[in-house]
Number of protein chains: 2
Amino acid sequence: MSDPIPLFDNPISVPVIADVRAAAARIAGQAVRTPLIENAALNELTGARVFLKPENLQRTGSFKFRGAFNAISAMPDNVRSRGVVACSSGNHAQGVAAAARLHEIAATIVMPADAPKAKIEGTRALGATIVPYDRASEDRDRITREVQERTGAVVVHPFNDPFVIAGQGTAGLEAVEDITEAGLECDDVLVCTGGGGLTAGVALAVNDAFPDARIYSVEPEGFDDMARSLKAGTLQANAQTSGSVCDALLTPSPGETGFAINWRLLAGGLSVSDAEALSAVAWAFRNLKLVLEPGGAVALAALLTGKADVRGRTVLAILSGGNVDADVFVRALQQT
Amino acid sequence: MSDPIPLFDNPISVPVIADVRAAAARIAGQAVRTPLIENAALNELTGARVFLKPENLQRTGSFKFRGAFNAISAMPDNVRSRGVVACSSGNHAQGVAAAARLHEIAATIVMPADAPKAKIEGTRALGATIVPYDRASEDRDRITREVQERTGAVVVHPFNDPFVIAGQGTAGLEAVEDITEAGLECDDVLVCTGGGGLTAGVALAVNDAFPDARIYSVEPEGFDDMARSLKAGTLQANAQTSGSVCDALLTPSPGETGFAINWRLLAGGLSVSDAEALSAVAWAFRNLKLVLEPGGAVALAALLTGKADVRGRTVLAILSGGNVDADVFVRALQQT
């Protein structure tokens with residue numbers, strides 16, 4: 001980890017590229033090395049050369065397994081054996097549950113009661129204990145702390161943890177390797193952004209290889225805390241924590257640890273509407289033959305709507321997950 | 001090409017592994033090198049180590065681009081310049097249309113009027129001229145010949161062409177390379193089978209690397225002409241050419257050229273019902289986050305139903321395409 005960065009009142013440890021490389025070694029053989037996908041129609045439509053990193057094909061259906069497995073693997077044995085607890089709307093939940101199962105330790109997941117059924121069932125099927133809470137009226141961090149105190153389990157934070165951020169960064173590292181191997185350089189990067197852990201990890205990997213690349217967060221409209229924080233230079237909160245179909249991206253505000261990176265490395269933040277995210281889900285169905293969840297499609301939506309102006313450039317866009325309930329997917333297909 | 005094999009009255013030229021390798025060189029940089037995907041849930045369910053080759057991620061949404069691009073690339077310039085004509089329910093149609101466009105030649109496609117809308121629109125969007133016909137009452141081969149005589153275009157047969165078979169075989173060659181690189185050998189292979197071109201090409205590649213592998217065709221019930229032909233040792237026809245949701249696999253009988261290979265290299269033929277194919281589509285949505293068309297999911301269906309008994313073995317299954325209309329996909333999701 002790097003020296004503490006004096007961005008906040010309490011200096012914090014922030015991961016660096018070496019931590020992303022260490023994470024890549026830890027997850028090798030357990031995480032899927034997802035391919036880079038290029039699509040002729042998307043290139044034509046954007047006037048760019050776009051590489052998509054389909055993390056919906058990752059173990060548990062989203063990138064979250066990377067960070068969870070890295071964080072749990074990095075724990076000392078006598079800490080890890082106490083089990084883990086995490087709060088998550090479902091993707092981090094499944095990532096932690098799968099990683100805990102592989103390490104043969106207990107996992108408790110604090111999940112919003114309105115999380116997609118596919119995510120709740122997926123988490124349960126992986127052997128985790130689920131503690132539901134009401135997203136509007138209850139504080140998930142407080143509930144997580146209660147579980148921690150009661151069971152002795154170690155918290156695996158969904159994004160405000162240097163090992164989690166380093167693990168998510170392996171998605172960026174793989175993409176950088178593939179783009180470099182193709183003899184290319186990356187000009188623009190679009191990352192689906194919730195708490196900013198994936199974004200920070202990818203930014204570390206991309207910035208190390210391509211320091212001139214412009215890296216953008218993409219968020220749901222009304223939940224653009226990262227975009228506003230980047231502009232303000234301080235952490236900004238969202239007015240609400242529910243009310244978008246992009247359930248994976250609804251965090252109260254950016255994580256401090258990731259923001260220490262994102263604030264330094266990001267070019268700015270974009271946002272797309274729910275309708276645009278659902279249109280991107282439908283477009284991916286028709287053209288990419290990939291199942292994306294709305295939150296996993298916002299970076300693609302930024303390309304399809306032209307909100308990311310990438311003409312003539314080489315672009316990396318992360319498709320961050322595909323854990324979508326059938327009824328939402330059907331709604332997306334019938335919308336357009 | 002190999003020496004003619006005296007299986008039929010008129011000896012025919014049959015591709016060999018060198019032709020598959022030549023095809024791989026021709027399609028490089030134009031076709032997608034699709035990844036091999038492994039899924040923890042599928043391994044657990046089958047008790048096997050299963051590698052999936054997702055050709056739905058191929059250019060135009062199915063493996064067909066491989067054979068079409070290889071065949072058109074292999075034509076002498078003065079032949080290719082006359083343009084091409086093909087008959088197809090949609091996947092070969094799009095493969096030929098995309099390959100023709102890349103070579104900047106005209107393409108005419110004879111398509112059944114009841115082909116999936118996604119396939120008709122996809123073919124038209126690629127710049128091909130479409131000639132519709134009635135699948136039940138009209139002979140597509142005769143119509144194709146008429147177009148050929150009228151326009152001078154060269155026929156690109158969907159499966160009974162050695163260059164097309166060699167091109168489809170590149171999917172098998174890539175899978176063999178990836179499995180070998182992982183230090184493994186392939187025990188069982190399952191291929192979605194219509195006319196048998198993909199099956200024959202994959203069989204050439206697999207048999208060259210793993211001569212002991214058991215290779216199976218998988219067909220829709222009621223359209224198991226390959227399975228019956230393999231048993232009989234002579235070409236058997238289907239009683240009908242429509243009436244299954246697996247539109248991509250509804251051929252009158254196996255192609256002679258491919259059958260000369262399949263008859264020698266296949267261990268047998270399996271078949272699955274429409275309901276089983278649709279269940280596999282839904283399973284792939286939930287677990288693989290891939291969009292498959294029913295015909296592209298029959299090999300997966302053979303695994304999920306246990307019709308292919310693969311316990312303890314290393315398996316390659318080809319997911320051959322993902323060009324499915326939204327209404328059929330919704331039906332698959334709502335069936336289970």
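The values are calculated or read from the model by the stated rules, or taken from the named source; none is laboratory data. If you're wondering where the values come from, they're calculated on a predicted model, not measured in any experiment. Here the Cβ is made from the backbone with ideal geometry for all residues, glycine too, and neighbour counts use every protein chain on show. Surface accessibility is based on the protein's heavy atoms, side chains included, excluding ligands, DNA and RNA. Shrake-Rupley method; radii C 1.70, N 1.55, O 1.52, S 1.80 Å.
Which residue of chain B is nearest the rotation axis onto chain A, counting by its Cβ, and what is the distance in whole Å?
Closest Cβ on chain B to the axis mapping it onto A, in Å: B:Pro35, 2.
So, in Å, what gap is there between the alpha-carbon centers of region A:231-274 and region B:126-157?
With region A:231-274 and region B:126-157 each reduced to a Cα centre, they are spaced 55 Å.
Using each residue's phi in region B:37-49, evaluate 6.51 cos²θ - 1.76 cosθ + 1.60 at θ = phi - 60° and report the 3J(HN,Hα) Karplus result to the nearest Hz, with x for Gly and Pro.
10, 10, 10, 4, 5, 5, 4, 5, 5, 8, x, 10, 9
For B:Asp274, A:Asp114, A:Asp188, what's the largest-to-smallest order of accessible area, 1.4 Å probe?
Working: B:Asp274 50, A:Asp114 95, A:Asp188 0 Å².
The residues order as A:Asp114, B:Asp274, A:Asp188, largest area first.
Largest first, how would B:Ile120, A:Ile165 line up by accessible area (1.4 Å probe)?
Ranked from most to least accessible, the order is B:Ile120, A:Ile165.
Amide H neighbours of B:Val189 under 5 Å, counting only residues 5+ apart in sequence or on other chains, H built in-plane at 1.01 Å?
B:Arg214, B:Ile215, B:Tyr216, B:Leu316
Of A:Val189, A:Val281, A:Val79, which is the most mobile in a GNM of chain A whose springs link Cα atoms less than 10 angstrom apart?
Per the Cα network of chain A with a 10 Å cutoff, A:Val79 tops the list.
Give me the percent relative contact order of region B:65-155, please, defined on Cα pairs under 8 angstrom at least 6 residues apart.
Normalised by residue count, the contact order of region B:65-155 is 32 percent.
Suppose the Debye formula is applied to equal point scatterers at every Cα of region A:178-336; what is log10 I(q)/I(0) at q = 0.13, 0.14, 0.17 Å⁻¹?
Computed log10 I(q)/I(0) values: -0.56, -0.65, -0.95.
Just how far, in whole angstrom, is region B:288-311 from region B:58-94 if you go by their alpha carbon centroids?
Answer, in whole Å: 27.
Cross-link list A:Lys289/B:Lys117; A:Lys307/B:Lys119; A:Lys53/B:Lys119; A:Lys64/B:Lys64; B:Lys64/B:Lys231; A:Lys53/B:Lys53: which exceed 23 angstrom alpha carbon to alpha carbon? Write out the running numbers ahead of the final one.
On the way: A:Lys289/B:Lys117 15 Å; A:Lys307/B:Lys119 29 Å; A:Lys53/B:Lys119 26 Å; A:Lys64/B:Lys64 34 Å; B:Lys64/B:Lys231 27 Å; A:Lys53/B:Lys53 17 Å.
Over 23 Å Cα-Cα: A:Lys307/B:Lys119; A:Lys53/B:Lys119; A:Lys64/B:Lys64; B:Lys64/B:Lys231.
Report the antiparallel proportion of the DSSP beta bridges in chain B as a percent, rounded to a multiple of 5. Could you put the intermediate results ahead of the total?
Values: 3 of 33 bridges.
Antiparallel: roughly 10 percent of the beta bridges in chain B.
Are there any helices in chain B, counted as whole DSSP H runs, that stretch 18 Å or more along their axis by Cα and score at least -0.5 on average by Kyte-Doolittle, and if so which?
B:162-181, B:197-209
Rounded if a/c is under 1.5, else prolate if a/b beats b/c, else oblate: with a ≥ b ≥ c from the C-alpha gyration tensor eigenvalues square-rooted, which is chain A?
The shape class here is rounded.
Using a 10 Å cut-off on Cβ to Cβ distances, tally the other chain neighbours for every residue of A:267-274 and report the average as a whole number.
Details: counts 0, 0, 0, 0, 0, 0, 0, 0.
Taking all residues of A:267-274 together, the mean is 0.
How many nanometers, to one decimal and shortest first, lie between the label point of B:Val79 and those of its other copies, if labels sit 7 Å from Cα toward Cβ?
In nanometres, ordered from closest: 6.8.
Amide H to amide H, which residues 5 or more places from A:Ile130 or on other chains are under 5 Å from it, using H placed in the peptide plane?
Under 5 Å from the amide H of A:Ile130: A:Ile109.
Just by accessible area at a 1.4 angstrom probe, what is the order of A:Asp327, A:Asp208 from largest to smallest?
Greatest to least solvent exposure: A:Asp327, A:Asp208.
Can you tell me which of B:197-205, B:124-132 comes out highest on packing, and rank the rest after it, using the mean Cβ neighbours within 10 Å?
Sorting B:197-205, B:124-132 by mean packing, highest first, produces B:197-205, B:124-132.
Sort shortest first the distances from B:Gln30 to its counterpart in every other copy, using label points 7 Å along the Cα-to-beta-carbon line, and give them in nm.
Nearest to farthest, the other copies are at 4.4 nm.
Once Rh for region A:65-155 is found with the Kirkwood sum over Cα pairs, what is the Stokes-Einstein diffusion coefficient at 37 °C and 0.692 mPa s, in µm²/s?
The Stokes-Einstein estimate is 257 µm²/s.
Equivalent-ellipsoid semi-axes (√(5λ), Cα gyration tensor) for the protein assembly as shown, whole Å, largest first?
46, 26, 22
Report the relative contact order of chain A, percent, no decimals, based on alpha-carbon pairs under 8 angstrom and at least 6 residues apart.
21
Taking the simple approach of a point 7 Å from Cα along Cα-to-Cβ for both A:Ala125 and A:Thr234, what is their distance in nm?
Computed distance between label sites A:Ala125 and A:Thr234 equals 4.6 nm.
Mind checking which of B:Phe65, B:Phe163, B:Phe51 has the largest fluctuation in a GNM of chain B, springs on alpha carbons under 10 Å?
For chain B, modelled as a Gaussian network with Cα springs under 10 Å, the answer is B:Phe51.
Just to verify a number: what accessible area does A:Tyr216 come out at with the full protein assembly present, 1.4 Å probe, Å² rounded to tens?
Looks like 50 Å² after rounding.
Can you give the accessible area of A:Ser217, probe radius 1.4 Å, in Å² rounded to 10?
Approximately 0 Å² of A:Ser217 is accessible to the 1.4 Å probe.
With both partners inside the protein assembly as shown, how many of the DSSP beta bridges are antiparallel, as a percent to the nearest 5?
Taking every DSSP beta bridge within the protein assembly as shown, about 10 percent pair in antiparallel fashion.
Just want to confirm a number: the relative contact order over region A:93-228, from Cα pairs under 8 angstrom separated by 6+ residues, in percent.
Averaging sequence separation for qualifying contacts and normalising by length gives 17 percent for region A:93-228.
List the distances, in nm and shortest first, from the label point of B:Arg142 to the matching label points in every other copy, placing each point 7 Å from Cα along the Cα-to-Cβ direction.
So the distances to the same position in the other copies read 7.9 nm.
Give the separation of the Cα centroids, region B:203-217 to region B:18-40, in Å.
16
Which of B:Leu265, B:Leu184, B:Leu300 moves the most in a Gaussian network model of chain B with Cα springs under 10 Å?
Maximum among the listed residues: B:Leu184.
Taking θ as phi - 60°, what are the ³J(HN,Hα) couplings along region A:79-84 by the Karplus curve (6.51, -1.76, 1.60), each to the nearest whole Hz, with x for Gly and Pro?
Each residue's phi maps through the Karplus curve to give 8, 4, 5, 6, x, 10 Hz.
Could you give the size of the charge dipole of region B:65-155 about its Cα centre, using +1 on the Cβ of each K and R and -1 on the Cβ of each D and E, expressed in debye and rounded to the nearest 20? Numbers along the way, then the final one.
Numbers: 12 positive and 10 negative charges, 41 e Å.
With Lys and Arg at +1 and Asp and Glu at -1, about 200 debye.
Taking each residue in B:321-330, count the Cβ atoms of any other chain within 10 Å of its Cβ, then average. What number comes out?
Averaged over the peptide's residues, the number is 4.
Under a 5 Å amide H to amide H cut-off, with H placed in plane at 1.01 Å, what residues pair with A:Ala106 once short-range neighbours are removed?
Those qualifying (amide H under 5 Å, at least 5 residues apart or on another chain) are A:Gly83, A:Val84.
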